[in-house]
Amino acid sequence: MANEKILSSQIVPIPEAGRVLVFDSGMGGLTVAQELMARAPNVAVDYAADTGFFPYGDKSDEALRARLPDIAERLVAEACPDVFVIACNTASTLALDEVRARLSIPVVGTVPAIKPAALESRTGTIGLLATPGTIRRQYTADLISEFARDITVILHGSIELVRLAEAYAAGEPYDAAGFAAAQRPLFEAEGAADLDIIVLACTHFPLVREQLAAAAPYPVRYIDSGGAIARQTLRILSRQSGSFSPNKRSSGRVFLSGEPAGSARLIKVSRRFGFNDIIVIDGSAGEESLRGHI
Ligand code: DGL
């Protein structure tokens, strides 16, 4: 597993302090926050979920482009992080540049792990499981032509799997058949008999990695970008040493843009990941952003 192994054997410096805000549409980014917290206990990690606009994967490009720089700016003003992590493939593959242009701090994006998958595949056939938005992006097509030109890439987008992952993680009733259904098009595509790696190109999907593996018609490896994003964030923070945000508030905050009632799942699951201070911001433009702790 060439690239990922090389990366994981590299020594990534652990910064002595710093604050990171990890952002996603919903609870998927918690899988990235977890990778970060496991590697760097000294770093304060807060979380933000755009629950008022969830899910991103079936929204139009125009709607997301209009929303992302504004919500990112608003969240950074509230949380005062040293690094902003967009732990969402759907958002990063569309508007990473626009968000970077708006913020004055470093922004780490999430890129589908096509490069490591292409390097590690023994058969030369990989699958890409993502949201419909990520599947149709030019950014994704460019990654495939840059890193997977000589291999077969089977793509499938599923918004149902995003919802299923949230229901499963929250301990709500869910349709177990959905795990097979969501990846069936990958296994039934032409050439799928050779499929050996599936890239989980939505940060929600590692929440149900074992369920996907159990529902697969034959064994494949599932890989994601969580570890690579965590390492990249720590590299950037380490370079900022000595110039961290003076914000001394404790970590473990969760910023939500949706109504608390509609965000109940997110609140429940984020508590399980260690985020206990729930703060609701107003997701609509032009209004007072901080509405309060609940
Ligand atoms: N977790 C997000 C991603 O990585 C998307 C989920 C959604 O559709 O909102 O793409």
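The values are calculated or read from the model by the stated rules, or taken from the named source; none is laboratory data. No experiment lies behind these values; they were computed from the predicted model shown. Positions of Cβ are backbone-derived with ideal geometry, glycine not excepted, and every protein chain shown enters the neighbour counts. Heads up: the accessible areas ignore ligands, DNA and RNA and are worked out on the full protein's heavy atoms, side chains in. Shrake-Rupley method; radii C 1.70, N 1.55, O 1.52, S 1.80 Å.
Quick look at the values:
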item	result
FRET efficiency estimate (nearest 0.05) - Cβ-Cβ, Y218 to R239, R0 30 angstrom	0.10
Solvent exposure ordering (accessible area, 1.4 Å, most first) of M27, M37	M37, M27
Using θ = phi - 60° and Karplus 6.51 cos²θ - 1.76 cosθ + 1.60, couplings along segment 117-130 (whole Hz; Gly, Pro as x)	5, 5, 5, 8, 5, 8, 9, x, 9, 10, x, 10, 10, 8
Modelled FRET efficiency - R0 25 Å, A77 with D97, Cβ distances, 0.05 increments	0.80
Label point distance in nm, D175-A261, each placed 7 Å from Cα along Cα→Cβ	2.6
Under-5 Å amide H pairs with D50, H placed in peptide plane, nonlocal only	D24, S25, G26
Relative counts (whole %) of C-alpha pair distances in segment 1-146, using bins that are 5 Å wide	2, 9, 17, 20, 19, 16, 11, 5, 1, 0
Debye intensity ratio I(q)/I(0), log10, segment 129-196, q values 0.14, 0.26 Å⁻¹ (C-alpha model)	-0.52, -1.14
Stretch gain in nm, segment E210-E190, where the contour uses 0.36 nm per residue and the Cα spacing is subtracted	4.7 nm
Distance in nm between pseudo-label sites at S251 and R149 (7 Å out along the Cβ direction from Cα)	4.1
Rounded to whole Hz, the Karplus (6.51, -1.76, 1.60) HN-Hα couplings of segment 88-99, x for glycine and proline	8, 5, 4, 6, 5, 6, 10, 9, 4, 5, 5, 5
Heavy atoms of E35: accessible area, 1.4 Å probe, square angstrom to 10	60
Extension reserve of the Y139-I11 stretch, reckoned as 0.36 nm per residue once the Cα distance is removed	43.2 nm
Accessible surface, segment 84-208, averaged per residue in Å² (probe 1.4 Å)	39
Beta bridges by DSSP in the chain, antiparallel share as percent, to the nearest 5	10
Coarse-grained scattering of the chain at q = 0.07 Å⁻¹, given as base-10 log I(q)/I(0) from a Debye sum over alpha-carbon atoms	-0.24
Charge dipole magnitude, Cβ of K and R +1, D and E -1 - segment 19-147, Cα centre, debye nearest 20	200
Using θ = phi - 60° and Karplus 6.51 cos²θ - 1.76 cosθ + 1.60, couplings along segment 24-41 (whole Hz; Gly, Pro as x)	8, 5, x, 8, x, x, 4, 5, 7, 4, 4, 4, 5, 5, 5, 8, 9, x
Cut-off 15 Å, label 7 Å out along Cα→Cβ of D61, residues of segment 127-148 by amide N	132-143
Extended-chain gain in nm, criterion 0.36 nm per residue less alpha-carbon gap, D70 and I105	11.1 nm
